[in-house]
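Encoded as C-alpha cells, the structure appears first; notes follow it.
The values are calculated or read from the model by the stated rules, or taken from the named source; none is laboratory data. Keep in mind that this is a model prediction, so the values were computed, not measured. Positions of Cβ are backbone-derived with ideal geometry, glycine not excepted, and every protein chain shown enters the neighbour counts. Note: areas computed on protein heavy atoms with side chains; ligands, DNA, RNA excluded. Shrake-Rupley method; radii C 1.70, N 1.55, O 1.52, S 1.80 Å.
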Amino acid sequence: MSGHKLKCGLEVHAQLLTKQKLFSSTSTSFHAPPNTRVSYYDAALPGTQPRFNYDCLRLALTAAAALNCDVKRSFSFDRKHYMYPDQPAGYQITQHFEPFAMGGFLDVMARDYSKPRGHPTTRVNIKQIQIEQDTAKTIYVDNVSQVDLNRTNTGLIELVTEPDLPTAESAGVFVKKLQTLLRHLGVCNGEMETGAMRVDVNVSVDDGERCEIKNLFSTSAVVAAIKAEFNRQIRDIESGKVISSETRGWDGKETWKLRGKEGSIDYRYMPDPELPVVRLPDSIVEKIRRSMPALPDQVLDELVAAPYNVPLVDAKTLMDHGMRYVNFYRDSHALFTKSGGKKTSIVSNWLVHRWLGQTETQVFPSVQVFTDLLIAMDKGEITSTSAKLILKHLVGLAESNELTPDVTIKSIIDEFDLGTAEADDQLDAVCAGVIEENPDAANRYRSGKRNAVSFLLGATMKATQGTYSPAQVKSALERLLKN
Amino acid sequence: MLRNYKSPYESSVVTLLKDEGFNLIGKANMDEFAMGTNNTFSCFGPTLNPLYEEPTSPGGSSGGSAAAVAAEFCDVALGTDTGGSVRLPAAYCSVYGFKPSYGLISRYGVVSYAQSLDTVGILAREVKHIARVFHVLNQYDQRDPTSLCPELRQTLGSRQKKEAKGLRIGILSQAILEMSPEIKKAWAGVLEDLQDQGHTIHTVSVPTMKYALPTYFMVSPAEASSNLARYDGIRYGTRAETDRDSHDTLYAPTRTEGFGPEVQRRLLLGTFNLSAGAFEGHFKKALMVRRIIRDEFNALFASKNVLVEEDYETGDIDVLVHPTALTPPPSLDKINHGDPIEHYTNDVLTVPANLAGLPAISVPRGKGAGMQVWGQYGDDELVLSVAAQISKQ
C-alpha cells in the first residue's frame, strides 16, 4: 500500500486463570458484585503484606514455555508508582528491571488467516513476558467515578512483542492465535470484550517514531486501529509533518492523541523491598514443557492429516472451540471407524456444521449417541433427512438440558418411527401417483433424459417425508417408468 | 492522616503476646509514621522524657514506648526500629531497647516505613523481660514475606551456642567520633567492666560505615515514598474537604493537610531519589553501598551470616560495643530552635545495624545514655547475654 512500510508491535495483558489473586488469597472472580472480592491487602490497608501465589507462576511459566522463551533462573519484582483511584497502594507490583521470561516467538502462518492463500509465515519475536498485578476498575456513573476493587491484584502476564508484524491483518491474526494458545493452555480465557485480555499496539511507518494506541477491546479494533493509524501517519508524512512519539486512543474510527512524550509519566520504579527473589529449579521449564498438552499448531497438523483429513477451515473451527471439541471429534472418529463406518468425512462435517454451526449450547450428546447416529445413516438404516431431524431433536434436548443418558439413537428412531421402511406396495403407489401428476418429467425420462428422474425423486421424497431412502425411491421410480 | 483510623485486624505480634497471657494496656505516642528522632512530630503533641524536670526529648520515633517503660507505666513496650527508633529512645530514657535481627519478628500488621529496614523492637527495664518477650515473638510468620524461613531458623537454632565468656569484643574505629564527655566516660567504663569479666577488646574497622547515614537517607525515604503512596484519603483515613467536591483535585490537599512536616520532608526526598534522573546515581548506588557495608560486617564477625549462601572468610570478633547516641537527650527548647535536619545525625551510630540487618541492643548506662551491643545476624542470644553482663550504674 502506497509504498510506505508499516511495522507493528504489540503489548498484550492477559489475566491468569488462577483461583486466587497474585499477592493475596482472595478469590478471583470476574462477575462478583462490586467490592466483594477484596482483602485487606487488596485495599492497601496499613500493615498488610503481599504473599506470592505460586499458581500464577505456574501459568506464567506455561505461557513462556509455549512461546519458546528463555526463563530466568531467578527473578524479582518491582514497584511502578502512579497515583490513581484504581491503584489502591499507589503502585503496581510488576517486573520492570527483570522480566521472568525473554526472547521467545510465535509463528503466524498462512493457514492462520481466514483466507490462507498468499500469506507468508511471519515469525513474531517475543521480547519479554512479565508477571504483574491488575488494577481496580473505575466505572463512571453520572460524572461520579466509582471504584470496584475486585480486579485489584489479579495476576496478569504482560507480553511484549518486537515490531515484527508487517500488516494490520497479521496483527489481528497474531492476537487470535495468541488467544487460542492461552485458552488452550488454561493460562487465560482470552476474552477481550471482558478485558481478560487487553491489547495495546505500537505503530511506526518507514521506521519513524512509534505511536502507541491503547485499550483496544477486540481483534477487529486492533486491525481497524492499526489501519487508521497507518493512514494517519502516511497523511502526516506526505504533508511534511514529523511524526512524534505519543500515546493515542481509539474511538472506533480514528486514533487521537492522549499524551505526547512531554506528558510521559515518571513511574519511579523501585525494586520491591519485601518480596523475596523467586528461584527456580533448573529443570522446571523442561518439566512444564513435558506436562504441556499438544499445542494448537500441533493439533491442527494432526487434524488435517490422515487418517482424519479434516478440511483446514473445519479443523480451525474445532480448535477455536477448544480441546473438548477436538477430543470429542477424535473419539467419535475412532468409534465410527471401529464400527465399520465408511464415509469418515461426515464425522467432522456433521460435528462442525450440524452441531457447532447450529447451537451455542455447551451440553453435548455422548460420543456414543452422536456416532451411533452417523453410523445409522452411513449404513442406510435411516435416511440423511431423518438423521438431520434426529440431530435437531438432540440439539433441542441439549438446549433444554434433557439430554439424559437413557436417550439413545435407537430409542429416538423407534419413538419417531424414522427407520427406513422396506420398499413396498405403498412406495410403489406413491411413485405411480407422482409419475401421473408429472407427465412432462416422466416423458422426458422415457425419451432418454435420465436426469429427469431427479425431479420425480425430489417430489416423492417430499411426499414420503424421508421414510424411504433416496436409493429405494429412485429404484422404484425407475422400475415403474420402464413399464 | 490515620488519626481516626482503626485497624480491622490485629498484628501478629499483638496476637502472640495476647496468646501468651500478656496484658495490653494501651498504645504509645510516637513520631508520625516512625519518622523522627525526638518524638516531636506527632499529631498528639510531643512526648516528654520522664527522667528530666525540664521538657526533654525521650528520643524517637518510639519515644512514647520508652517513656512509658521508664515511667513504670508498664514492664515492656514494643516499638519499631528502622534506623534506631527503639534504641535511641531507650538510651535517652535509660531503659533497654532491643532490635533483633531483621526478619525474626513478624512485621504483619506493622505500618511500613521502610520495610527493608523496619524491625519490631522491644523496650524494658530488665534484659530478662526483653528476652522473655523476644522468645514469644521470635516465630516464623507466613503472612510476612520477609519473615526468616523455618529452614534458616533451624540452622540458627542448631548452631553451637556461644557462651558469653572470654569474648573478643570489637570497637569500631568509625564509632570513635566527637561525643559528649559523659558518653565517652560511660563507654570507657563499660569496656573496662567487660575486660574485668575476662573479655578482650579490639579496635576494628568497617570503612564504608562513614557512608551509612547518607545511604540510610537514600533508602528509607525512597521506600517510605512508595509505602505511604496509599494514603490518599479515598478508602480510609483523613480526606481534605476540597478533594471531595469538584475542585479538580483528588489527593494533593489531602496529603498536604494529612501529613506532618517531617513526613512531607522525607516523602519529597524519597520521591526525588526514585525519580528517573536520580535513581541510578542515588537509590541504586545506595543499595550497592548497603551491600558493601553488610559484607564488611560479615568479614568482621567470627560467626557466619546464614543469609549468605557462598563461602567467605569470617573474622574473629564476637560482638561490637559502642554508644547509642553521641549526646544525652536535647531539651525541647533546643530542638524547637534548631534545624530539623540536624537531628538526622543522631542516627549515625544506630543505622548501620539496620542496613546490615544485625541484632543490636541499647543498654542503659547512667542518666540519658546508652551503650549498644551488636552481633552477627542471628546472634541475638549472644547480644542479650552480653547486655546482661553490663551493669546499669
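Can you give me the pair-distance distribution of chain A, C-alpha pairs, 10 Å bins, whole percents?
Percent of Cα pairs in each bin: 4, 15, 20, 20, 15, 10, 8, 5, 2, 0.
If the only charges are +1 at each Lys and Arg Cβ and -1 at each Asp and Glu Cβ, what is the size of the charge dipole of the stretch B:212-276 around the Cα centre, to the nearest 20 debye?
It works out to roughly 200 debye.
Per residue of A:81-93, what is the mean number of Cβ atoms on other protein chains within 10 angstrom of that residue's Cβ?
Across A:81-93, the average partner-chain Cβ count within 10 Å equals 4.
Across peptide A:283-293, how many C-beta atoms of other chains are within 10 Å of each residue C-beta, on average? If you can, show how the numbers build up before the last one.
Values: counts 0, 0, 0, 0, 0, 0, 0, 0, 0, 0, 0.
That average works out to 0.
State to the nearest 20 debye the size of the charge dipole of the protein assembly as shown about its Cα centre, where the only charges are +1 on K and R beta carbons and -1 on D and E beta carbons.
Using only the charged Cβ atoms, the result is roughly 1300 debye.
List the extent of the Cα atoms of the protein assembly as shown along each of their three principal axes, largest first, rounded to whole Å.
Taking the Cα atoms of the protein assembly as shown, the three principal extents are 137, 67, 52 Å.
Between B:Thr327 and B:Thr15, how many nm apart are label points set 7 Å from Cα along the C-beta direction?
My value for the distance between the label points is 4.4 nm.
Count the net charge of all other residues whose Cβ sits under 14 Å from the Cβ of A:Asp207, scoring Lys and Arg as +1 and Asp and Glu as -1.
Around A:Asp207, the charge tally is -1.
What's the average, rounded to a whole number, of partner chain beta-carbon atoms within 10 Å of each residue's beta-carbon in B:104-112?
Details: counts 0, 0, 1, 3, 3, 6, 3, 4, 6.
Mean inter-chain Cβ contacts per residue within 10 Å come to 3.
Using +1 at the Cβ of each Lys and Arg and -1 at the Cβ of each Asp and Glu in the protein assembly as shown, identify which of B:Val206, A:Ala110, A:Gln20 lies farthest towards the dipole's positive end.
A:Ala110
Can you tell me what percent of all Cα-Cα pairs in the stretch A:118-194 are more than 19 Å apart?
Percent of Cα pairs beyond 19 Å in the stretch A:118-194: 53.
Dipole of the stretch A:6-284, Cα-centred, from +1 at each Lys and Arg C-beta and -1 at each Asp and Glu C-beta, to the nearest 20 debye?
So the magnitude is around 500 debye.
Go ahead and estimate [θ] at 222 nm for the protein assembly as shown from helices alone: -39,500 (n - 2.57) per DSSP H run with n ≥ 4, summed, over the residue count, rounded to 500.
Computed mean residue ellipticity for the protein assembly as shown: -11000 deg cm²/dmol.
Report the semi-axes of the equivalent ellipsoid for the stretch A:425-481 in whole Å, largest first, where each axis is √(5λ) for an eigenvalue λ of the Cα gyration tensor.
Its equivalent ellipsoid spans semi-axes of 17, 11, 10 Å.
Please arrange A:Ser283, B:Ser226 by accessible surface area, largest first, computed with a 1.4 Å probe and ligands excluded.
Greatest to least solvent exposure: A:Ser283, B:Ser226.
Mind checking the angle between helix A:470-482 and chain A's longest principal axis? C-alpha axes, 0 to 90 degrees, to the nearest 10.
That works out to roughly 30 degrees.
Of all beta bridges DSSP finds with both residues in chain B, what is the antiparallel percent, to the nearest 5?
Antiparallel bridges make up about 75 percent of those DSSP assigns within chain B.
Find the accessible area per residue for the protein assembly as shown; the probe is 1.4 Å, ligands and nucleic acids are left out, and the unit is Å².
For the protein assembly as shown, the solvent-accessible area averages 45 Å² per residue.
Mean shadow of the stretch B:215-259, computed from the convex hull of its alpha carbons, in nm²?
Result: 3.4 nm².
7 Å from Cα along Cα→Cβ at both A:Glu98 and A:Asn35: what's the point-to-point distance in nm?
Modelled inter-label distance: 3.8 nm.
Out of B:Leu250, B:Phe217, B:Gly237, whose Cα points farthest toward the positive end of the dipole of the stretch B:212-276 (charges: +1 Lys, Arg; -1 Asp, Glu; placed on Cβ)?
B:Phe217
Helix A:384-399 against the longest principal axis of chain A: what's the angle in degrees, Cα atoms only, rounded to the nearest 10?
Tilt of helix A:384-399: around 40 degrees.
For the stretch B:272-289 and the stretch A:332-396, what is the separation of their Cα centres, given in Å?
With the stretch B:272-289 and the stretch A:332-396 each reduced to a Cα centre, they are spaced 68 Å.
Whole number please: convex hull volume per residue of the Cα set in the stretch A:6-284, in Å³?
Once divided by residue count, the hull of the stretch A:6-284 is 145 Å³.
How far apart, in nm, are two points set 7 Å out from the Cα along the Cα-to-Cβ line at B:Glu280 and at A:Arg58?
The modelled label-to-label distance comes out at 4.2 nm.
Percent antiparallel among DSSP beta bridges with both residues in the protein assembly as shown, to the nearest 5?
Given both bridge residues lie in the protein assembly as shown, the antiparallel proportion sits at roughly 90 percent.
Kindly rank A:340-347, A:44-51 from highest to lowest mean number of other beta carbons found within 10 Å of each residue.
Details: A:340-347: 15.6, A:44-51: 20.6.
With the highest mean Cβ count within 10 Å placed first, the list reads A:44-51, A:340-347.
Please report the buried accessible area for the interface of B with A, total over both chains, probe 1.4 Å, in Å² to the nearest 100.
Interface between B and A: roughly 2800 Å².
Which ³J(HN,Hα) values, rounded to whole Hz and listed in residue order, are derived for the stretch A:402-411 from phi using the Karplus coefficients 6.51, -1.76 and 1.60 in 6.51 cos²θ - 1.76 cosθ + 1.60 with θ = phi - 60°, glycine and proline given as x?
Once rounded to whole Hz, the list reads 10, 7, 7, x, 7, 6, 10, 4, 4, 5.
Once amide H atoms are built 1.01 Å from N in the peptide plane, which residues 5 or more positions from A:Gln146, or in another chain, come under 5 Å H to H?
Those qualifying (amide H under 5 Å, at least 5 residues apart or on another chain) are A:Ile139, A:Tyr140, A:Val141.
For chain B, I need the span (max minus min coordinate) of the C-alpha atoms along each principal axis, in Å, sorted largest to smallest.
72, 51, 44
Largest first and in whole Å, give the semi-axes of the stretch B:1-137's equivalent ellipsoid, each being the square root of 5 times a Cα gyration tensor eigenvalue.
21, 18, 14
Working from Cα positions, state the angle (0 to 90°, nearest 10) between the long axis of helix A:367-378 and the longest principal axis of chain A.
Roughly 40 degrees, rounded to the nearest 10.
Among B:Gln264, B:Gly97, B:Pro58, whose Cα lies farthest out toward the positive end of the dipole of chain B, if unit charges sit on the beta carbon of Lys, Arg (+1) and Asp, Glu (-1)?
B:Gly97
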